[in-house]
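One structure below.
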Amino acid sequence: MRVVIAEDLFLLRDGLSRMLQAHGLEISAAVDNGADLLAAVTADRPDVAIVDVRLPPTFTDEGIRAALAARREVPGLPVLVLSQYVEQLYARELMASGSGGIGYLLKDRVFDSAQFVDAVRRVAAGGTAMDPEVIARLLARNTGNASIGALSPREREVLAGIADGKSNREIARLLRVSEKTVKAHVSAVLAKLGVQDRTQAAVYAVRHGKA
């Protein structure tokens with residue numbers, strides 16, 4: 001699996017590169033700005049891009065803008081965004097940018113190497129890897145949406161697990177219920193949201209968040 005990294009902090013960029021290489025992933029480029037990210041993605045066509053939201057020169061939204069531009073150049077490019085904070089607008093904008101795997105993780109969760117590499121692989125395979133805090137904040141603000149507002153508190157917890165890429169077994173363990181119960185909740189969530197699968201449910205959760 002070939003990865004492009006865009007992160008302005010050298011120590012974090014180098015640390016991510018070493019971590020991923022230790023797990024057998026190939027780093028095709030590691031850059032510190034949006035222009036170089038776009039160039040690397042266009043030239044190398046990686047399996048996934050890992051992008052910091054805030055890049056030079058203004059450290060506002062250059063990373064997300066470069067990621068969106070990269071997805072226009074390479075439709076369906078899987079993108080895993082890293083951020084210091086939960087920035088809901090950016091999460092929704094990325095989710096609305098088309099098909100392909102999507103992730104949004106807070107940087108303080110990066111240092112669990114096994115979980116982070118699992119998230120990278122999941123996004124590269126076309127799935128989602130959403131930070132639980134991102135999903136929790138979006139869902140907390142989303143009671144005005146008719147479909148999500150119709151979910152029970154337990155169904156909203158299950159949806160948060162789905163958006164974080166967790167399996168039924170993992171959600172069951174987290175909520176201390178049976179897998180059969182989780183499966184029933186998942187079916188109810190999909191029906192109430194009017195979506196066909198777990199990935200669509202995850203996208204829905206982020207796309208319909210309120211800023």
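The values are calculated or read from the model by the stated rules, or taken from the named source; none is laboratory data. Since this is a predicted model, take the numbers as computed values, not measurements. All Cβ positions, even for glycine, are placed from backbone atoms using ideal geometry, and neighbour counts span all protein chains on display. Ligands, DNA and RNA are stripped out before the accessible areas are found, and what is left, the full protein with its side chains, is counted by its heavy atoms. Shrake-Rupley method; radii C 1.70, N 1.55, O 1.52, S 1.80 Å.
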Practice item. Provide a single number: the residues in region 3-22 that are surrounded by 15 or more Cβ atoms within 10 Å (Cβ to Cβ) and in contact with a Ser or Thr (Cβ under 8 Å, 6 or more places away or on another chain). Key: 4
Check your understanding: Can you find a residue in region 5-14 that is among the β-branched types (Val, Ile, Thr), on the phi < 0 side of the Ramachandran plot and in contact (Cβ under 8 Å) with a residue 12 or more places away in the chain?
Key -> yes
Review point. Any idea which residue in region 37-58 is farthest from residue 84 (Cα to Cα), counting only those that are under 20 Å from the mean Cα position of the chain (by Cα) and either open to solvent by 60 Å² or more (accessible area, probe 1.4 Å) or of a type in the set (Ser, Thr, Tyr) (or both)?
Key: 45
Point to revise | Pick from region 180-199, criterion open to solvent by 30 Å² or more (accessible area, probe 1.4 Å) and not in a helix (DSSP H, G or I), ranking: farthest from residue 130 (Cα to Cα) | key: 194
**Study point:** Pair list, Cβ < 8 Å and 6+ apart or interchain, from region 108-132 residues that are hydrophobic (A, V, I, L, M, F, W, C) to residues that are modelled with pLDDT under 80 and not in a helix (DSSP H, G or I)
**Key:** 116/110; 119/165; 129/164; 129/165; 130/164; 130/165
